[in-house]
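See below for the structure under consideration.
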Amino acid sequence: MTEQWSVPAWALVATTVAVLLLGVLAATALVAVGRARRRAAAEIDAVRASAEELLGRVEEVEQRLARQHRREELDAHEYVITHVGEHDGTEVDEPDAPTVPASLFADLVLRESAVQAASLAHGLRRALAPETRHRIRFEMRREVKRARKQRRADVRAARRDWAARGRADQAEPAA
């Protein structure tokens with residue numbers, strides 16, 4: 001092999017380093033995407049679990065309400081009080097109202113806030129766009145011109161009316 005290469009050595013080294021860096025970046029990106037997907041899957045599983053828990057609570061409350069409704073239907077015709085102040089044990093202590101987990105609540109609030117902020121930013125961006133400002137300026141000029149014309153026409157009509165009344169007043173004493 002000769003000492004002269006068709007490609008400089010520094011170009012080969014630079015290309016090799018660039019390819020290796022791109023490979024490392026691609027591998028890092030793939031690892032990050034994999035982690036994000038696993039994290040998202042774990043969050044979805046957590047949300048599903050909490051949803052199933054809430055569904056179980058709802059079914060439990062519905063069953064309790066159905067039992068209470070049946071008991072009320074049975075007790076609707078009984079007017080005799082036989083046990084005053086005694087606890088018969090048939091009543092079940094109702095737990096607190098079902099709640100949404102704090103992480104889910106925070107997620108919902110943040111998403112709603114993010115949606116509102118994004119829609120506000122989009123509206124402002126559209127309202128402050130040069131095309132919109134130009135259109136508003138054009139419409140304002142047109143409206144100012146129209147109002148000016150209308151005022152001039154009103155002034156002319158008022159002058160004609162005033163002159164006609166003046167002529168009518170001058171013609172009356174002579175008659």
Considering only residues that are open to solvent by 60 Å² or more (accessible area, probe 1.4 Å), of a type in the set (A, V, I, L, M, F, W, C) and farther than 28 Å from SER103 by Cα, which ones fall in the stretch 7-62? VAL7, TRP10, LEU12, VAL13, VAL17, VAL19, LEU20, LEU21, LEU22, VAL24, LEU25
Which of the numbered conditions does ASP93 fail, given that it passes all the others? Conditions: (1) of a type outside the set (S, T, N, Q); (2) open to solvent by 100 Å² or more (accessible area, probe 1.4 Å); (3) at pLDDT 95 or above. (3)
Of the listed residues (LEU104, LEU110), the one being in contact (Cβ under 8 Å) with a residue 12 or more places away in the chain, out of contact with any Gly (no Cβ under 6 Å at 6 or more places or on another chain) and within 30 Å of GLU52 (Cβ to Cβ) is LEU104
Within the stretch 136-157, identify whether any single residue is aliphatic (A, V, I, L, M), surrounded by 10 or more Cβ atoms within 10 Å (Cβ to Cβ) and at pLDDT below 95, and answer yes or no. yes
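The values are calculated or read from the model by the stated rules, or taken from the named source; none is laboratory data. Since the structure is predicted, the reported quantities are computational estimates derived from the model, not experimental observations. Positions of Cβ are backbone-derived with ideal geometry, glycine not excepted, and every protein chain shown enters the neighbour counts. When the accessible area is computed, the model is the full protein with side chains, heavy atoms only, and any ligands, DNA or RNA have been set aside. Shrake-Rupley method; radii C 1.70, N 1.55, O 1.52, S 1.80 Å.
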